[in-house]
Amino acid sequence: MTTIDEIEHAVSSLAPDELVRFRDWFLAFDAAAWDRQFEHDVRAGRLDAIADEVVAEHLGGRSRPL
């Protein structure tokens with residue numbers, strides 16, 4: 001049995017109130033992990049080309065107010 005299998009089994013065995021607590025924790029955990037990855041990608045310059053393209057389109061009049 002893998003760790004993932006063990007986690008799946010443990011989660012499926014949670015009482016409804018424990019599942020709510022786990023879901024809340026996991027959503028916060030996952031959001032924090034996503035934020036860390038996004039910040040890492042920004043620092044590494046992985047979004048620079050996209051940002052440059054968006055700015056160029058805006059300056060070229062190809063954007064509109066939201």
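Consider only pairs whose beta carbons are under 7 Å apart and that are at least six residues apart or on different chains; among these, list those whose first residue lies in region 25-41 and is over 24 Å from Leu14 (Cβ atoms) and whose second residue is modelled with pLDDT of 95 or more.
Asp41/Leu47
What residue, among those in region 8-66 that are of a type in the set (Val, Ile, Thr) and out of contact with any Phe, Trp or Tyr (no Cβ under 9 Å at 6 or more places or on another chain), is surrounded by the fewest Cβ atoms within 10 Å (Cβ to Cβ)? Steps first, answer last, please.
Within region 8-66, the subset of a type in the set (Val, Ile, Thr) is 11, 20, 42, 50, 54-55.
Checking the rest, the ones that are also out of contact with any Phe, Trp or Tyr (no Cβ under 9 Å at 6 or more places or on another chain) come to 20, 42, 50, 54-55.
Working: Val20: 11, Val42: 12, Ile50: 9, Val54: 13, Val55: 11.
Only one residue fits best here, namely Ile50.
The values are calculated or read from the model by the stated rules, or taken from the named source; none is laboratory data. Please read these numbers as outputs of a predicted model, since none were measured by experiment. FYI the Cβ positions are ideal-geometry reconstructions off the backbone, even for glycines, and counts take in every protein chain you see.
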